[in-house]
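Notes to accompany the following structure.
The values are calculated or read from the model by the stated rules, or taken from the named source; none is laboratory data. Just so it is clear, the model here is predicted, and its values are computed rather than measured. Glycine also receives a Cβ, built like all others from the backbone with ideal geometry; neighbour counts cover every protein chain displayed. Note: areas computed on protein heavy atoms with side chains; ligands, DNA, RNA excluded. Shrake-Rupley method; radii C 1.70, N 1.55, O 1.52, S 1.80 Å.
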Amino acid sequence: ADASTAFQAALESIRDDQVEGYVTRLADDKFEGREAGTPGGHSAADYLVEQLRKLQLEAGGEDGSFLQPFADGYRNVVARLSGRDTGPERQTLIVCAHYDHIGRGSQKTSLGKVGEIHNGADDNASGVAAVLEIAEAFSQLPAPPRRNILFAFWDAEEKGLLGSKHWLANPTVP
């Protein structure tokens with residue numbers, strides 16, 4: 001009964017007002033459309049790190065950090081929740097979304113005016129918000145899940161899926 005109550009509380013921690021808050025924040029002009037490698041993109045990554053720290057998740061990037069830097073100033077944001085399994089068959093589930101967007105757009109990427117901020121609420125601030133809410137729910141469970149969970153936010157996906165490709169070539173967990 002206690003486990004069922006705790007599970008229900010974790011499930012109920014996923015709230016539409018929090019999802020809306022994350023989307024609104026990430027789609028704010030402050031992040032300048034979150035183009036990979038730009039000051040706005042870096043600010044968005046810093047915001048994600050701040051949220052993951054609040055959830056008291058473990059850093060899952062490089063050198064004890066939440067970041068996995070690569071290429072031209074791009075940065076994946078990675079956190080983990082250790083599971084109960086400890087054997088050699090230990091598995092990791094990955095819950096992910098890309099946090100970058102097209103910034104101010106270009107002739108190739110924009111249907112709107114080039115040079116104006118493209119906020120990207122639906123590409124992909126909404127996916128990022130969902131992953132953050134799932135991370136929050138898992139972090140509230142009284143006991144860790146059986147498997148490890150990696151919460152990953154890819155950068156430079158709008159530039160050719162570069163963040164996820166980089167992680168696959170350089171995984172931060174086995």
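Figures for the structure shown
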quantity: Estimated FRET transfer efficiency when R0 is 41 angstrom, pair D122-A6 (beta carbons, to 0.05); calculated: 0.80
quantity: The chain, relative contact order in percent, only Cα pairs under 8 angstrom and at least six apart counted; calculated: 31
quantity: Where E133, E50 fall by accessible area, highest first, once all protein chains stay in place (1.4 Å); calculated: E50, E133
quantity: Summed side-chain charge close to D85 - residues other than D85 whose Cβ falls under 12 Å, Lys, Arg +1, Asp, Glu -1; calculated: +3
quantity: Local net charge near G163, Cβ-Cβ under 11 Å (Lys/Arg +1, Asp/Glu -1); calculated: -1
quantity: Approximate shape of the chain as ellipsoid semi-axes (Cα gyration tensor, √5λ), whole Å, largest first; calculated: 30, 19, 12
quantity: Hydrodynamic radius by Kirkwood, which averages 1/r over all alpha carbon pairs of segment 42-131, in angstrom; calculated: 15.1
quantity: Highest average packing first - 57-67, 8-18, Cβ atoms within 10 Å; calculated: 57-67, 8-18
quantity: Cross-link reach list, lysines versus K113, counting only Cα pairs under 29 Å and skipping chain neighbours closer than eight places; calculated: K30, K159
